[in-house]
1. Scan the range 34-51 and give yes if some residue there is over 19 Å from ALA125 (Cα atoms) and loosely packed, with under 11 Cβ neighbours inside 10 Å, otherwise no.
2. Give the residues of the range 10-24 that are within 14 Å of the ligand (Cβ to nearest atom) and either outside any loop (DSSP other than H, G, I, E, B) or under 15 Å from GLN118 (Cα atoms) (or both), sorted by residue number.
3. Considering only residues that are more than 9 Å from the ligand (Cβ to nearest atom), in contact (Cβ under 8 Å) with a residue 60 or more places away in the chain and either aliphatic (A, V, I, L, M) or within 16 Å of GLY81 (Cα to Cα) (or both), which ones fall in the range 94-119?
4. Tell me, please, whether a residue that is of a type in the set (Asp, Glu), touching a helix residue (DSSP H, G or I) at 6+ places or on another chain (Cβ under 9 Å) and more than 15 Å from the ligand (Cβ to nearest atom) can be found in the range 79-88.
5. Can you tell me which residues in the range 132-174 are more than 13 Å from the ligand (Cβ to nearest atom) and surrounded by 10 or more Cβ atoms within 10 Å (Cβ to Cβ)?
6. Name the residue, out of GLU41, GLU57, GLU72, that is within 16 Å of the chain's Cα centre (by Cα) and acidic (Asp, Glu).
7. Here are the criteria: (1) small (Gly, Ala, Ser); (2) assigned to a strand (DSSP E or B); (3) within 16 Å of LEU146 (Cα to Cα). Tell me which single one ALA78 does not satisfy.
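The values are calculated or read from the model by the stated rules, or taken from the named source; none is laboratory data. Only a predicted model underlies this, so the values are computations on that prediction, with no experimental measurement involved. Positions of Cβ are generated from backbone atoms using ideal geometry, with glycine treated the same way; all protein chains shown enter the neighbour counts.
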Amino acid sequence: MVREINGHYLCFAGLIEEREKSLGSMPPTVRIVGRVPGVKEFQRLQVSVGWGKEVVEAKSPTELAAVDAMTEKVLAAAIFGVVAMDTVSGDAVGCALLLGDGVSYYYVKDVMVHKNWQGRRIGTALMQGLTDWLGKNARKGALVGLFTRDGLEPFYKQFGFANGFAMLRYMDNK
Ligand SMILES: CC(C)(COP(=O)(O)OP(=O)(O)OC[C@H]1O[C@@H](n2cnc3c(N)ncnc32)[C@H](O)[C@@H]1OP(=O)(O)O)[C@@H](O)C(=O)NCCC(=O)NCCS
């Protein structure tokens, strides 16, 4: 808070997130595999990070089949993906998708680490997997974009992402 020359107080506020620093390295039991996750693997991760509203709300077999079909469509759009596998349980504990035309632009989507596994450099390893693939396959000058939330800049800055101007719209169709 600052007091300006007329005696008014100006208060600046920003997001403060309470999180502990991530552990130094990824757990030795976790492996990053270059593949798109399966429908159930993806949905389980969505639910664990709070993005799986449709998955949680689907109850009847028809609703479940519709959600599965939607997830299949999302996954089919990926040109590359990475999955973090816990070799002890055999579970997928994280994933990330890469979309794009394979020539001029790429889009990083659905970077998720299961809530019980966050803060252990698994997200970083997933992004490293996508970055390595882009390093081998993307043309010089191709644009790589992503949308993220306030506060996650440090995570993506590790991979050379910088803030840019963007416009976006959420469709409100029924
Ligand atoms: C964001 C997410 C993928 C990060 O994965 P993670 O494995 O927990 O992160 P890492 O351990 O690899 O973090 C490495 C660095 O990234 C940054 N970082 C990670 N999570 C962060 C957070 N919640 N807020 C701010 N910075 C964060 C930190 O700089 C961290 O290093 P530090 O702790 O030494 O400062 C994971 O928390 C997640 O799945 N969140 C929910 C879904 C989500 O928001 N995904 C991103 C969509 S754009």
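1. yes
2. Hits for the range 10-24 are GLU17, GLU18, ARG19, GLU20, LYS21, SER22, LEU23, GLY24.
3. Residue satisfying the conditions is LEU97 alone.
4. Looking for residues that are of a type in the set (Asp, Glu), touching a helix residue (DSSP H, G or I) at 6+ places or on another chain (Cβ under 9 Å) and more than 15 Å from the ligand (Cβ to nearest atom), one finds none in the range 79-88, hence no.
5. Once the filter is applied, which keeps residues that are more than 13 Å from the ligand (Cβ to nearest atom) and surrounded by 10 or more Cβ atoms within 10 Å (Cβ to Cβ), the range 132-174 yields ASP132, TRP133, LEU134, ASN137, ALA138, ALA142, LEU143, VAL144.
6. GLU41
7. It is condition (2) that ALA78 fails.
For every residue, the table says whether it meets (1) out of contact with any helix residue (DSSP H, G or I) (no Cβ under 8 Å at 6 or more places or on another chain); (2) closer than 17 Å to GLN118 by Cα.
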{"position": "MET26", "(1), (2)": "no, yes"}
{"position": "ALA58", "(1), (2)": "no, no"}
{"position": "PRO61", "(1), (2)": "yes, no"}
{"position": "ASP68", "(1), (2)": "no, no"}
{"position": "VAL74", "(1), (2)": "no, no"}
